[in-house]
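Visitor: Let me begin by handing over the structure; questions about it come next.
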C-alpha cells in the first residue's frame, strides 16, 4: 500500500520584515498550520527583501512549523535571498520546493 501524499498548504509573506514582526508572523502562520494539518507549507517569498532579518524570520517560521509537524519550503525566492540563506548556512533548513 502506497503512503499518502503529504498535505500541502501555500501562503505568502510580504516585507519588509522587522524583528518586531516576528511574534505576529509566527502566530499567524502557526494558526494556519494548526487549522490545515499540512505536512508541507509553501511560503511565497517573492515580496520580501533579502536581508539577515528576513532570513532570521524564515528560520524561526521553520522552527515553529516543525513543532506542528510541518516543513516550510521557500517558493519564488530571489537568487539574492537563496544566496544569503546559503551564506548563513541555512540551505538545508530553508529548502526550495521539490
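Only the coordinates and a few stated rules stand behind these numbers; no lab work does. All of these numbers come straight from a predicted model, not from anything done at the bench. In this analysis, Cβ positions are derived from the backbone assuming ideal geometry, glycine residues included, and neighbour counts consider all displayed protein chains.
Visitor: Restricting attention to the stretch 67-78, report how many residues are under 16 Å from residue 14 (Cα atoms), in a loop (DSSP other than H, G, I, E, B) and under 13 Å from the mean Cα position of the chain (by Cα).
Guide: 2
Visitor: Let me ask something else about it. Taking the options 6, 23, name whichever one is more than 14 Å from the chain's Cα centre (by Cα) and in a loop (DSSP other than H, G, I, E, B). Show your work before the answer.
Guide: Working: 23 fails: in a loop (DSSP other than H, G, I, E, B).
That would be 6, the only listed residue that is more than 14 Å from the chain's Cα centre (by Cα) and in a loop (DSSP other than H, G, I, E, B).
Visitor: Here are the criteria: (1) in contact with a helix residue (DSSP H, G or I) (Cβ under 7 Å, 6 or more places away or on another chain); (2) over 13 Å from residue 94 (Cα atoms); (3) not in a loop (DSSP other than H, G, I, E, B). Tell me which single one residue 64 does not satisfy.
Guide: Residue 64 satisfies all of (1) in contact with a helix residue (DSSP H, G or I) (Cβ under 7 Å, 6 or more places away or on another chain); (2) over 13 Å from residue 94 (Cα atoms); (3) not in a loop (DSSP other than H, G, I, E, B) except (2).
Visitor: Among the residues in the stretch 44-57, are any touching a helix residue (DSSP H, G or I) at 6+ places or on another chain (Cβ under 7 Å), in contact (Cβ under 8 Å) with a residue 24 or more places away in the chain and closer than 16 Å to residue 97 by Cα?
Guide: yes
Visitor: Also: State the number of residues belonging to the stretch 32-61 that are within 17 Å of residue 11 (Cβ to Cβ), under 11 Å from the mean Cα position of the chain (by Cα) and not in a strand (DSSP E or B).
Guide: The qualifying residues number 6.
Visitor: What number of residues in the stretch 79-93 are exposed (fewer than 14 other Cβ atoms within 10 Å of the Cβ) and in a loop (DSSP other than H, G, I, E, B)?
Guide: 3
Visitor: Any idea how many residues of the stretch 70-94 are closer than 20 Å to residue 7 by Cα and without any contact (Cβ under 8 Å) to a residue 24 or more places away in the chain?
Guide: 0
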